[in-house]
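A.B. asks: Below: one structure in structure tokens.
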Amino acid sequence: MTTVSTGQAGSLALSGIVKRYDSAPVVRGVSFSLRAGEVTALLGHNGAGKSTALKILGGAEQPSGGHILLDGEAVTLTTPRIAEAHGIAVVWQELRIIEKLTVTQNFFLNREKRRGPFTDRTAMNEHVRRALATYGLAADPDMAAGALSPADRQMLEIIIALDKGGRFLLLDEPTSALNASEITRLLDTVRRLAAGGTSIAIVTHKLGEALAVADHVVVMKDGDVVLDAERADLSEADLAYYITGHRRDATALAEVSPRTAFGGTTLLDIRTLSSGNCRSASLEINAGRVVGLYGVAGAGQVELLEVLFGVRPMQGGEIRLAGEPYVPTTPRAALAKGFGFLTDDRKANGFIPDMTIGKNIVLASIDRFSRGIWFDDAAVAEQARTMAARLAIRSPLGTSVRRLSGGNQQKVIFAKWVTARSRILLLAEPTKGVDIGAKAEIHALIRELAAAGDTLLVCSSEIEEILEVSDVIYVFRHGICEGTGIPRAEAEARSILAQSL
Ligand SMILES: Nc1ncnc2c1ncn2[C@@H]1O[C@H](COP(=O)(O)OP(=O)(O)OP(=O)(O)O)[C@@H](O)[C@H]1O
């Protein structure tokens, strides 16, 4: 562990920071510093304390002990606004975009441009239009932010933070919903800002991304700093070692089901389906397969899942399920037909925040885990223990999900759908925010479900994830998906990316 350098201009540091919510501290005397013109990657397993460290630097949480040093001087940051006044801008893991407000209103929240006593809407809209164009976000300043896709909302939040022009920029998993080209653009921007003197911290679970962008790497484990080193001295294997505590065995992820993409019976036959961004999707999906759906954000692949689960209306086309016409109506009806849906908006639809980890895990299979009107507590506990061990959910199982770190919340939602054993499981960004160890486990579980006969449709912004889990891949481009799908054995990242653009 390093000691904090004091008196250094342009630095922002944690010095001996402790944070406890209940009795046990979740951050245990942590010290590291962000230096002018440098990018620091902050890494660690889910629940390691990374977000808590950023929240303390961003004024959103108060430390239970220790100091924050700004240019070497101790400061007290009691609110995010005070932190912003010190030049500290943050993109939080849980986005702060207010869906009912327009893009421009979100952009200038609490910092409206004024002309005399009036807000200057024209100037604000013009400013927003330029900022959006600079970062390639196709959105109308006057549209409601809630109408943007999760990826676009994430990009909007990043653009707003960049626009504030602070000396310190803290990014908590900014790329978790972005695709490859958006990530490249963001990382280029981060490097450019650092070259201009900004100090940047970026939390990420993508090790390649950390190595590509960082000058300096800090790894946290169970509330402590276990590595604080220059990027140049590190490889991806080193990072994985510090994060997980063991060297990864490259052969550990053996395939659990054969990847012959074709043959078998058609379970789901989708013809020219349309809804929103999805203009025409035709797919023929066999039982017991993992079908990867790849496209840039807004290309229609997530809408297809939403239609199948009855959360968005089908506007055209037809679906046959096991040979019978299927017209989705409501999630309840879709569940009854054997569908499950892990949404990419976990906060809105994924879990009941005040319920325990155990009860959330059985939420989609209550029939199997209740006796009369009560939960079968022993059965719930057993299932929760099994899933928590497999996915490394380290918090006590009686903890309410609200109190978990983002990645651990995602694991609970995934565990819920594994437990449900849906005949057709629809997964949108199944590993969003999940650490590298649990991500490999989620991929293995996806393959196991398929080997057991379930059918899975997986949308991911990461092409590597699609290639890792799929038997067959369909590419969405501008809302269109047609053809027979690419068998995994013939699929290649570069050509899939090219087809999606
Ligand atoms: N409001 C809270 N009350 C109680 N415990 C909390 C609260 N917020 C966070 N924690 C706990 O603090 C620990 C650290 O959480 P934190 O969000 O900082 O982890 P993280 O490293 O950012 O994880 P992830 O990669 O999943 O985002 C976790 O065990 C979490 O459950």
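A.B. asks: How many residues does the range 213-244 hold that are within 16 Å of the ligand (Cβ to nearest atom) and out of contact with any strand residue (DSSP E or B) (no Cβ under 7 Å at 6 or more places or on another chain)?
C.D. replies: 3
A.B. asks: For the range 41-64, does any single residue satisfy the condition of being over 28 Å from residue 409 (Cα atoms) and either under 26 Å from the mean Cα position of the chain (by Cα) or modelled with pLDDT of 95 or more (or both)?
C.D. replies: No, there is no match, as no residue in the range 41-64 is over 28 Å from residue 409 (Cα atoms) and either under 26 Å from the mean Cα position of the chain (by Cα) or modelled with pLDDT of 95 or more (or both).
A.B. asks: Just to verify a result, which residue in the range 276-293, among those that are under 26 Å from residue 449 (Cβ atoms) and not aliphatic (A, V, I, L, M), is surrounded by the fewest Cβ atoms within 10 Å (Cβ to Cβ)?
C.D. replies: 282
A.B. asks: Looking at (1) out of contact with any Pro (no Cβ under 8 Å at 6 or more places or on another chain); (2) at pLDDT 90 or above, find the lone condition where residue 275 falls short.
C.D. replies: Of (1) out of contact with any Pro (no Cβ under 8 Å at 6 or more places or on another chain); (2) at pLDDT 90 or above, only one is false for residue 275: (1).
A.B. asks: Quick one: is residue 47 under 23 Å from residue 205 (Cα atoms), in contact with a Ser or Thr (Cβ under 6 Å, 6 or more places away or on another chain) and within 15 Å of the ligand (Cβ to nearest atom)?
C.D. replies: Numbers: under 23 Å from residue 205 (Cα atoms): yes; in contact with a Ser or Thr (Cβ under 6 Å, 6 or more places away or on another chain): yes; within 15 Å of the ligand (Cβ to nearest atom): yes.
The answer is yes for residue 47.
A.B. asks: Evaluate the range 381-389: report whether one residue or more is within 15 Å of the ligand (Cβ to nearest atom), without any contact (Cβ under 8 Å) to a residue 60 or more places away in the chain and not charged (D, E, K, R). Before the answer, list the steps.
C.D. replies: Step one: filter the range 381-389 for residues within 15 Å of the ligand (Cβ to nearest atom), giving 388.
Imposing the further condition that a residue be without any contact (Cβ under 8 Å) to a residue 60 or more places away in the chain reduces the set to 388.
Now drop any that are not not charged (D, E, K, R), which leaves 388.
Looking through the range 381-389, at least one residue is within 15 Å of the ligand (Cβ to nearest atom), without any contact (Cβ under 8 Å) to a residue 60 or more places away in the chain and not charged (D, E, K, R).
A.B. asks: Closer than 27 Å to residue 12 by Cβ, at pLDDT 85 or above and within 16 Å of the ligand (Cβ to nearest atom): is that true of residue 172 in this structure?
C.D. replies: Details: closer than 27 Å to residue 12 by Cβ: yes; at pLDDT 85 or above: yes; within 16 Å of the ligand (Cβ to nearest atom): yes.
So residue 172 passes the test.
A.B. asks: Restricting attention to the range 429-447, which residues are assigned to a loop (DSSP other than H, G, I, E, B) and not acidic (Asp, Glu)? Spell out how you get there, then give the answer.
C.D. replies: Going residue by residue through the range 429-447, those that are assigned to a loop (DSSP other than H, G, I, E, B) are 429-435.
Across the range 429-447, the qualifying residues are 430, 431, 432, 433, 434.
A.B. asks: Evaluate the range 459-478: report whether one residue or more is in a helix (DSSP H, G or I), assigned by TED's automatic domain parsing to the domain that holds residue 322 and basic (Lys, Arg).
C.D. replies: no
A.B. asks: Ok, one more. If we scan the range 175-187, do we find a residue that is in contact (Cβ under 8 Å) with a residue 12 or more places away in the chain and under 19 Å from residue 84 (Cβ atoms)?
C.D. replies: No, that holds for no residue.
A.B. asks: Given 53, 83, 36, 89, which one is touching a Gly at 6+ places or on another chain (Cβ under 9 Å), crowded, with 21+ Cβ neighbours inside 10 Å and outside any strand (DSSP E or B)?
C.D. replies: On the way: 53 fails: touching a Gly at 6+ places or on another chain (Cβ under 9 Å); 36 fails: crowded, with 21+ Cβ neighbours inside 10 Å; 89 fails: outside any strand (DSSP E or B).
83 is the lone residue from the list that is touching a Gly at 6+ places or on another chain (Cβ under 9 Å), crowded, with 21+ Cβ neighbours inside 10 Å and outside any strand (DSSP E or B).
A.B. asks: In addition: Under 8 Å between Cβ atoms, which residue pairs at least 6 apart in sequence (or on different chains) link something in the range 475-501 that is farther than 23 Å from residue 276 by Cβ with a partner that is among the basic types (Lys, Arg) and not in a helix (DSSP H, G or I)?
C.D. replies: 487/259; 488/259; 489/259
A.B. asks: Given 393, 373, which one is at pLDDT below 90, buried (at least 22 other Cβ atoms within 10 Å of the Cβ) and among the β-branched types (Val, Ile, Thr)?
C.D. replies: Numbers: 373 fails: buried (at least 22 other Cβ atoms within 10 Å of the Cβ).
Exactly one residue qualifies, and that residue is 393.
A.B. asks: When residue 450 is evaluated against the numbered criteria (1) away from the ligand (no atom under 16 Å from the Cβ); (2) in a helix (DSSP H, G or I); (3) surrounded by fewer than 22 Cβ atoms within 10 Å (Cβ to Cβ); (4) more than 18 Å from the chain's Cα centre (by Cα), which criterion, by number, is the only one it fails?
C.D. replies: Unmet condition: (3).
A.B. asks: Take the residues in the range 50-91 that are under 16 Å from residue 202 (Cβ atoms) and in contact with a helix residue (DSSP H, G or I) (Cβ under 8 Å, 6 or more places away or on another chain); name whichever of them is nearest to the ligand (Cβ to nearest atom).
C.D. replies: Among those that are under 16 Å from residue 202 (Cβ atoms) and in contact with a helix residue (DSSP H, G or I) (Cβ under 8 Å, 6 or more places away or on another chain), it is 51.
A.B. asks: Now, a different point. Please work out if residue 317 is touching a Leu at 6+ places or on another chain (Cβ under 6 Å) and at positive phi. If you could, list the steps in order and put the result at the bottom.
C.D. replies: Working: touching a Leu at 6+ places or on another chain (Cβ under 6 Å): yes; at positive phi: yes.
Yes: the conditions hold for residue 317.
A.B. asks: Please name all residue pairs, on different chains or six or more residues apart, with Cβ atoms under 6 Å, provided the first residue is in the range 447-462 and is more than 27 Å from residue 181 (Cα to Cα) and the second residue is among the β-branched types (Val, Ile, Thr).
C.D. replies: Taking only residues 6 or more apart or on different chains, the pairs are 447/256; 448/256; 450/290; 451/256; 455/424.
A.B. asks: In the range 418-438, what residues are under 17 Å from the mean Cα position of the chain (by Cα) and more than 7 Å from the ligand (Cβ to nearest atom)?
C.D. replies: Those that are under 17 Å from the mean Cα position of the chain (by Cα) and more than 7 Å from the ligand (Cβ to nearest atom): 426, 427, 428, 429, 430, 431, 432, 434, 436, 437, 438.
A.B. asks: Does residue 139 satisfy the condition of being outside the structural domain of residue 496 (by TED's automatic domain parsing), touching a residue at least 24 places away in the same chain (Cβ under 8 Å) and either within 19 Å of the chain's Cα centre (by Cα) or under 29 Å from residue 85 (Cβ atoms) (or both)?
C.D. replies: yes
A.B. asks: With the structure loaded, tell me whether residue 411 is modelled with pLDDT of 90 or more and within 16 Å of the ligand (Cβ to nearest atom) or whether it fails that test.
C.D. replies: For residue 411, the condition - modelled with pLDDT of 90 or more and within 16 Å of the ligand (Cβ to nearest atom) - is met.
A.B. asks: Cβ contacts < 6 Å: first residue at negative phi and near the ligand (Cβ under 9 Å from one of its atoms), restricted to the range 395-406; second residue at pLDDT below 90 and assigned to a helix (DSSP H, G or I), any location; separation 6+ or different chain. Result?
C.D. replies: none
A.B. asks: For residue 343, indicate whether it is closer than 26 Å to residue 308 by Cβ and polar (S, T, N, Q). Please lay out each step first, then the result.
C.D. replies: Values: closer than 26 Å to residue 308 by Cβ: yes; polar (S, T, N, Q): yes.
So residue 343 passes the test.
The values are calculated or read from the model by the stated rules, or taken from the named source; none is laboratory data. In this text the structure is predicted, and so the values were computed from the model without any measurement. FYI the Cβ positions are ideal-geometry reconstructions off the backbone, even for glycines, and counts take in every protein chain you see.
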